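Trainee: Here's a structure for you.
The values are calculated or read from the model by the stated rules, or taken from the named source; none is laboratory data. Not measured: the values here are computed from a predicted model. Positions of Cβ are generated from backbone atoms using ideal geometry, with glycine treated the same way; all protein chains shown enter the neighbour counts.
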Amino acid sequence: MSVKKMSMIMMLSIATCGAILMGCDSESTYQQRTVVYVSNINEGAPYMSDVLNQGDSLYYTDSFVYKTVDDYVVEDIVTVNFTNRPYSGIVDVDDGSLGDFLITGYKVEYESSSGTTPVQIFSGKTSIFVPANSTVEGSILLVPFIDKNRDPLQAVRYSSTEILSNAIITFNGHEIQAENRTLSFSAGLQVGFADVLNND
C-alpha cells in the first residue's frame, strides 16, 4: 500500500469514544457503583484489514508473477483496553470486590459513507474481568473469516480497491455483585479494507 494511501487512512479520526455505562434496568443510578468504558482500542490507531494474505510463494525469486496457490484468509482480532472507575466518591471500592465488572458479550456493526457494508453485523461472547479501579486489556473478533470470503471484501482481492468504514462496537456485561442488571457501553474504530500487497 502506498505511503499516501496509508497516511490517508491514519489521518481519519478514530472514534474511540468510551461511552459512560448505560443501565438497562430501572434502579436508581445511586445504586450503580461503577463506570466502565473503552479507554483504548487498537493502541489508538485506525485498523488496516488485509482481505487476503499471501503465503510463502510471495518470497520466491524464480518468477515475477504472483503465485496465488498458497494465499489464505485470516480473521482479524483487535485489542481493547477497558477501564473501571467508581461512579462516585461516596462508595469506597478500594477494598474488597465491590464494583468489579464482567464483560460477557459484544456486538459489531459497520457503517460506511459509500453505502457499502463490508462486514455484516455480528455478535460474540467473551469473559473479560475488569476489577474496580483498574484497566484491563482484552481481545475481540473484529472481522470474521466468512465476511472475507464474500462480497464486497472478496471482490477487493488482487485489486487496488479500498473500503473505508467505521466499526461501532457495543459491549455488555454486569457488576459481579448484580448479575440481574445488564449494562452496556460502546466505542468506535476506523477500519480500512484492502489487498495490501497489490495496493501499491
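Trainee: State all residues of region 95-126 that are buried (at least 18 other Cβ atoms within 10 Å of the Cβ), closer than 21 Å to ALA178 by Cβ and at pLDDT 95 or above; if no residue qualifies, say none.
Mentor: ILE103, TYR106 - these are the residues of region 95-126 that are buried (at least 18 other Cβ atoms within 10 Å of the Cβ), closer than 21 Å to ALA178 by Cβ and at pLDDT 95 or above.
Trainee: In region 127-140, how many are in a strand (DSSP E or B) and surrounded by 16 or more Cβ atoms within 10 Å (Cβ to Cβ)?
Mentor: 5
Trainee: Counting only residues that are in contact with a Cys (Cβ under 9 Å, 6 or more places away or on another chain) and modelled with pLDDT of 95 or more, which one in region 164-200 is surrounded by the most Cβ atoms within 10 Å (Cβ to Cβ)?
Mentor: Top of the filtered list is ALA187.
Trainee: Which ones in region 155-194 are within 17 Å of SER114 (Cβ to Cβ) and among the acidic types (Asp, Glu)?
Mentor: Passing the criteria: only GLU162.
Trainee: While we're here: Which numbered condition trips up ARG85, out of (1) of a type outside the set (A, V, I, L, M, F, W, C); (2) modelled with pLDDT under 95; (3) outside any strand (DSSP E or B)?
Mentor: (3)
Trainee: On the basis of being touching a Ser or Thr at 6+ places or on another chain (Cβ under 7 Å), surrounded by fewer than 21 Cβ atoms within 10 Å (Cβ to Cβ) and not polar (S, T, N, Q), does ILE146 make the cut?
Mentor: Taking the combined requirement at face value, the residue does not satisfy it.
Trainee: Does SER160 meet the test of being part of a loop (DSSP other than H, G, I, E, B) and either surrounded by fewer than 17 Cβ atoms within 10 Å (Cβ to Cβ) or touching a residue at least 40 places away in the same chain (Cβ under 8 Å) (or both)?
Mentor: For SER160, the condition - part of a loop (DSSP other than H, G, I, E, B) and either surrounded by fewer than 17 Cβ atoms within 10 Å (Cβ to Cβ) or touching a residue at least 40 places away in the same chain (Cβ under 8 Å) (or both) - is met.
Trainee: Among (1) within 20 Å of PHE82 (Cβ to Cβ); (2) aromatic (Phe, Trp, Tyr); (3) modelled with pLDDT under 95, which single condition is PHE129 missing?
Mentor: Against the list (1) within 20 Å of PHE82 (Cβ to Cβ); (2) aromatic (Phe, Trp, Tyr); (3) modelled with pLDDT under 95, PHE129 comes up short only on (3).
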